[in-house]
Amino acid sequence: VIRCGAAVAWAVGKPLSVEEVEVAPPKAGEVHVKIVATGICCTDEHLLEGCLPDADFPVIPGHEGAGIVKSVGEGVTSRGTQHGMCIIPGDKVIPLCLPQCGECSFCLNPKSNYCLKSHVSEPQNLLPDKTSQFTCKGKRIHHFLWVSTFAEYTGIPEYAVAKIDAAAPLDKVCLLGCEFSTGYGTAINTTKAPTCTVFGIGGVGLSVVMGCKAAAASRIIAVDINKDKFARAKVLGATDGISPWDFKKPIEEVVTEMTGYGVDDSFEVIGHADTMAAALASCNINTGICVMVGVPASGSAISIDPMLLLCGHTWKGTLLGGWKMRDFIPKLVSSYLEKKFNSDLLLTHTLPIAKVNEGFELLCAGK
Ligand code: NAD
Ligand code: ZN
Ligand code: ZN
């Protein structure tokens, strides 16, 4: 049993509290990772606000980390040999908030990046065997998306970690654990066309902008109510920045007028029902593709004009940018090392875990 620090969320709406927790040794099929760095993604904020379905408290949040394997449980080495990724102590890894067992029908389908043996299929903030490795002050603490990267040491199923290049700087590539990979992947796996709109220019939205640029989009319209975001978006490839608050007419009409018949691809990267409907209405009525990336609050509903879809529109969503995470995260890390993209441009602040609440304040203040 390891005693270490972790940022614990005891209840919805309460600040995180940095505590000493106990982490049980890895059981069969599990690995223990020493987390070196973690990002804060808005999905962590949704968890703290109580907006995610079936979230149990107390919980250790965080799902965008990078670390070093400390120990492995029984069977990890033999399964790794079978699946071509042998995890051993000392390896640098990125925990995967979307696992890839490599055996279920979804994992075996080359078009899918979903895994039937995941926390998404069976919402739960415990490990697959319904246990938790964490205790604090005698209480069981839940895992988050099986990875809980706000803990110094965390226990994860072997098929929810990806081994990465030993040269990777963990304080930089942690962003590939969620936000960068989601945004960049959503764009490059979708965009084949010249004009795009990105609603919401946070960490994920900026990564969508980078992906649209990489996919050679010639016009990338960034939409955000926080105009301070536009300077960075333009450095990363946005050609226009517009705020819905500057117009009397709906933003979808503004985008349509700017582009003639609407953009080819639009991306919603906020998680609100109204901006999802606006993103759909902003793209070309016949050939447009709208992708939902933002996570809506549980129980939300969207009302749309069905004619939009009848006319040919494609409307879809994405989990983690469509990547099969275990296969592609190591490749993305190699691309980062080869300087094929610069995800470091997303970094705004670096804080010690003791200041984790300050990190959330900065996120919520749009900084
Ligand atoms: P963020 O808070 O950094 O960015 C959100 C941006 O949206 C901010 O810039 C904010 O000013 C802007 N915004 C808010 N309301 C707006 C409105 N009405 N109109 C225009 N702009 C508005 O968040 P993030 O970390 O970039 O995450 C964005 C969303 O993506 C979240 O909902 C998160 O949960 C989700 N997400 C989804 C996946 C996935 O796999 N689908 C992965 C990661 C994150
Ligand atoms: Zn995330
Ligand atoms: Zn699977």
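Each row is one residue, and each column tells you yes or no for (1) more than 22 Å from Lys139 (Cα to Cα); (2) small (Gly, Ala, Ser); (3) in contact (Cβ under 8 Å) with a residue 60 or more places away in the chain; (4) surrounded by fewer than 19 Cβ atoms within 10 Å (Cβ to Cβ).
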residue: Arg3; (1), (2), (3), (4): no, no, no, yes
residue: Ala6; (1), (2), (3), (4): no, yes, yes, no
residue: Glu22; (1), (2), (3), (4): no, no, yes, yes
residue: His32; (1), (2), (3), (4): no, no, yes, no
residue: Cys42; (1), (2), (3), (4): yes, no, yes, no
Might you check whether a residue that is touching a residue at least 12 places away in the same chain (Cβ under 8 Å), within 11 Å of Lys163 (Cα to Cα) and either crowded, with 18+ Cβ neighbours inside 10 Å or more than 14 Å from ligand 1 (Cβ to nearest atom) (or both) occurs anywhere in region 95-109?
yes
Any chance you could count how many residues in region 154-206 are touching a strand residue (DSSP E or B) at 6+ places or on another chain (Cβ under 6 Å), part of a loop (DSSP other than H, G, I, E, B) and either within 16 Å of ligand 1 (Cβ to nearest atom) or β-branched (Val, Ile, Thr) (or both)?
4
Residues of region 14-43 satisfying the condition of being under 21 Å from the mean Cα position of the chain (by Cα) and not charged (D, E, K, R)
Leu16, Val33, Ile35, Val36, Ala37, Thr38, Gly39, Ile40, Cys41, Cys42, Thr43
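Using the structure shown, decide if Val147 is of a type in the set (A, V, I, L, M), part of a loop (DSSP other than H, G, I, E, B) and within 16 Å of ligand 2 (Cβ to nearest atom). Lay out the reasoning, then the answer.
Values: of a type in the set (A, V, I, L, M): yes; part of a loop (DSSP other than H, G, I, E, B): yes; within 16 Å of ligand 2 (Cβ to nearest atom): yes.
So Val147 fits the description; yes.
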Name the one entry in Leu52, Leu16 that is modelled with pLDDT under 95 and surrounded by 18 or more Cβ atoms within 10 Å (Cβ to Cβ).
Leu52
Residues (under 20 Å from Cys364 (Cα atoms) and surrounded by fewer than 20 Cβ atoms within 10 Å (Cβ to Cβ)) located in region 202-234
Ile225, Asn226, Lys227, Asp228, Phe230, Ala231, Arg232
Here are Ser121, Ser132: which of them is within 16 Å of ligand 3 (Cβ to nearest atom), in a loop (DSSP other than H, G, I, E, B), free of Cβ contacts under 8 Å to residues at least 40 places away in the same chain and hydroxyl-bearing (Ser, Thr, Tyr)?
Ser121
Note down all Cβ pairs under 6 Å where the first residue falls in region 187-198 and is over 18 Å from Gly241 (Cα atoms), the second is surrounded by fewer than 24 Cβ atoms within 10 Å (Cβ to Cβ) and not hydrophobic (A, V, I, L, M, F, W, C), and they're at least six residues apart or on different chains.
Asn189/Gly322; Ala193/Asp264
Could you tell me which residue of region 235-259 is surrounded by the most Cβ atoms within 10 Å (Cβ to Cβ), considering only residues that are of a type outside the set (A, V, I, L, M, F, W, C) and free of Cβ contacts under 8 Å to residues at least 12 places away in the same chain?
Glu253
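Return the total of residues in region 95-122 being of a type in the set (A, V, I, L, M) and within 16 Å of ligand 2 (Cβ to nearest atom). Full working, then the answer.
At the first step, the residues of region 95-122 found to be of a type in the set (A, V, I, L, M) are 96, 98, 108, 116, 120.
If we keep only those that are within 16 Å of ligand 2 (Cβ to nearest atom) as well, we get 96, 98, 120.
Going through region 95-122 one residue at a time, the tally reaches 3.
Results for (1) under 21 Å from the mean Cα position of the chain (by Cα); (2) surrounded by fewer than 11 Cβ atoms within 10 Å (Cβ to Cβ); (3) of a type outside the set (Phe, Trp, Tyr), shown as yes or no for each residue.
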position	(1), (2), (3)
Gly312	no, no, yes
Thr318	yes, no, yes
Met325	yes, no, yes
Val333	yes, no, yes
Leu337	yes, no, yes
Ala354	no, yes, yes
When you look at Leu176, is it farther than 25 Å from Phe57 by Cα, of a type in the set (A, V, I, L, M) and in contact (Cβ under 8 Å) with a residue 60 or more places away in the chain, yes or no?
yes
Just one of (1) within 16 Å of ligand 2 (Cβ to nearest atom); (2) over 20 Å from the mean Cα position of the chain (by Cα); (3) not basic (Lys, Arg) trips up Asp274, so point out which.
(1)
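The values are calculated or read from the model by the stated rules, or taken from the named source; none is laboratory data. This is a predicted model, so every value here is computed, not measured. Counting neighbours? That spans all protein chains shown, and the Cβs are built from the backbone with ideal geometry, glycine included.
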